[in-house]
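Trainee: First, the structure itself, so that you have it in front of you.
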Amino acid sequence: MAKRSGGYGGGMPGNMNNLMKQAQKMQRQMEEQQKALEEKEFTSTVGGGAVKLVMNGKREILSLTLDPDAVDPEDVETLQDLIIAAFRDALKQVEDEQSAGMSSLSSGLGGLGGLGGLGGGLF
């Protein structure tokens, strides 16, 4: 009778080691991308320059500039809407940048021993 090797063949430990190395490399890349994202600034200007908002990748507002002409005591609601629009736009920029970074990393999952199909669901 032939001797069985456990069903996975003799190469499994080496493949697992390569998988772990690739996962660790990917984790380092994710950490580097996250740090770069957090340091980046995103600017949104709305209302023809009436409101300018600067946000960083940590989603912290760094500055908010209002054109004095946009400050109308009779129409506070419009100014409020412009501020909200500027915030949402800056936030979307951050999220788009983060998604692009994660997409580029998850595309590298194809080499992780057949886990490439999981890439889109992981991030």
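Trainee: Of all residues in the range 44-57, how many are touching a Lys or Arg at 6+ places or on another chain (Cβ under 7 Å) and β-branched (Val, Ile, Thr)?
Mentor: Of the residues in the range 44-57, 1 are touching a Lys or Arg at 6+ places or on another chain (Cβ under 7 Å) and β-branched (Val, Ile, Thr).
Trainee: Can you give me the number of residues within the range 76-107 that are aliphatic (A, V, I, L, M) and closer than 17 Å to Thr45 by Cβ?
Mentor: Of the residues in the range 76-107, the ones aliphatic (A, V, I, L, M) are 76, 79, 82-86, 90-91, 94, 100, 102, 105.
Filter once more, so that each one left must be closer than 17 Å to Thr45 by Cβ: 79, 82-86, 90-91, 94.
So the answer is 9.
Trainee: Within the range 56-91, count every residue that is in contact with a strand residue (DSSP E or B) (Cβ under 8 Å, 6 or more places away or on another chain), free of Cβ contacts under 8 Å to residues at least 40 places away in the same chain and assigned to a loop (DSSP other than H, G, I, E, B).
Mentor: 1
Trainee: Regarding Gly108, is this residue touching a helix residue (DSSP H, G or I) at 6+ places or on another chain (Cβ under 6 Å), assigned to a helix (DSSP H, G or I) and modelled with pLDDT under 95?
Mentor: Working: touching a helix residue (DSSP H, G or I) at 6+ places or on another chain (Cβ under 6 Å): no; assigned to a helix (DSSP H, G or I): yes; modelled with pLDDT under 95: yes.
Answer is no for this residue.
The values are calculated or read from the model by the stated rules, or taken from the named source; none is laboratory data. All values derive from a computational prediction rather than experimental measurement. A quick note on method: Cβ atoms are made from the backbone with ideal geometry, for glycine too, and the neighbour counts reach across all protein chains shown.
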